């Protein structure tokens with residue numbers, strides 16, 4: 001009997017009271033891969049880079065230039081966080097397209113499943129993005145100016161503050177559901193097409209999911225960056 005795709009991730013076992021799902025396992029694998037790649041890319045650094053060091057420097061430099069166009073003098077602070085989001089999500093999205101995902105099972109449950117097809121994982125990333133963004137806001141604005149964004153004795157600014165609080169929750173939903181919805185939908189499409197046509201015809205859909213995986217990682221990174229820039233800017237009209 002073929003395993004159907006369901007919203008809830010499958011639990012493979014427990015570490016104490018912590019349930020280990022197939023999506024959590026994949027997130028650990030992605031972290032391990034990124035760690036290994038970073039170690040080898042920075043092993044015996046050369047003044048004139050070559051091989052993996054050169055490839056990774058090209059990626060990092062390209063990402064840094066994109067972030068600097070938006071963040072300006074805050075680039076050095078924002079870049080490590082937003083680009084880590086990008087690398088983590090794109091690796092997670094692409095590794096989920098490898099053969100064996102959702103097909104290799106253990107006790108009837110798939111061992112591996114795309115991390116971003118689990119709403120818990122995407123919501124966790126969105127929450128982390130929001131927390132880091134607000135920490136930066138306090139860092140650049142100061143605690144008092146940060147609080148004045150949300151609370152004010154002026155009725156107009158108080159109403160604006162309430163709207164901004166609502167907008168913060170909307171950002172969480174936007175970041176998490178956009179990533180989850182696109183990757184989960186792609187997983188369903190691939191499973192359906194592969195179930196009908198075993199060879200050749202699924203290939204265009206795999207190529208499409210490669211593009212979607214990149215786009216969703218880039219969108220998550222750019223939205224997080226924009227939120228950071230907007231929330232750390234002082235609005236003179238409010239003072």
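Screening residue 171 against (1) farther than 10 Å from residue 116 by Cβ; (2) modelled with pLDDT of 90 or more; (3) surrounded by 14 or more Cβ atoms within 10 Å (Cβ to Cβ) leaves a single unmet condition, (2). Taken together, 58, 31 contain a single residue that is under 18 Å from residue 80 (Cβ atoms) and over 18 Å from the mean Cα position of the chain (by Cα), which is 58. Taking first residues from the stretch 1-15 that are at positive phi and at pLDDT 85 or above and partners that are in a strand (DSSP E or B) and surrounded by 10 or more Cβ atoms within 10 Å (Cβ to Cβ), no Cβ contact under 8 Å between residues at least 6 apart in sequence or on separate chains turns up. Within the stretch 167-181, residues that are free of Cβ contacts under 8 Å to residues at least 60 places away in the same chain and at negative phi have Cβ atoms under 8 Å from residues that are surrounded by fewer than 18 Cβ atoms within 10 Å (Cβ to Cβ) and in a helix (DSSP H, G or I) in these pairs: 172/123; 172/127; 176/123; 178/219, counting only partners at least 6 apart in sequence or on another chain. Can you confirm whether residue 67 is touching a helix residue (DSSP H, G or I) at 6+ places or on another chain (Cβ under 9 Å), surrounded by 14 or more Cβ atoms within 10 Å (Cβ to Cβ) and closer than 17 Å to residue 91 by Cβ? Criteria not met by residue 67. Of the residues that sit in the stretch 136-158 and are under 28 Å from the mean Cα position of the chain (by Cα) and not in a helix (DSSP H, G or I), which one is modelled with the highest pLDDT? Per the criteria, the residue is 142.
List the number of the failed condition for residue 110; all other conditions in (1) within 18 Å of the chain's Cα centre (by Cα); (2) in contact (Cβ under 8 Å) with a residue 40 or more places away in the chain hold. Only one criterion in (1) within 18 Å of the chain's Cα centre (by Cα); (2) in contact (Cβ under 8 Å) with a residue 40 or more places away in the chain is unmet by residue 110, namely (1).
Any chance the stretch 40-52 includes a residue that's surrounded by 15 or more Cβ atoms within 10 Å (Cβ to Cβ) and either within 16 Å of the chain's Cα centre (by Cα) or more than 26 Å from residue 121 (Cβ to Cβ) (or both)? No, the stretch 40-52 has no match at all.
Inspect all residues belonging to the stretch 91-99 and state whether any of them is more than 30 Å from residue 231 (Cα to Cα) and surrounded by fewer than 16 Cβ atoms within 10 Å (Cβ to Cβ). Looking for residues that are more than 30 Å from residue 231 (Cα to Cα) and surrounded by fewer than 16 Cβ atoms within 10 Å (Cβ to Cβ), one finds at least one in the stretch 91-99, hence yes.
The values are calculated or read from the model by the stated rules, or taken from the named source; none is laboratory data. Source: prediction; values computed, not measured. Cβ: placed from backbone, ideal geometry, glycine included. Neighbour counts: every protein chain shown.
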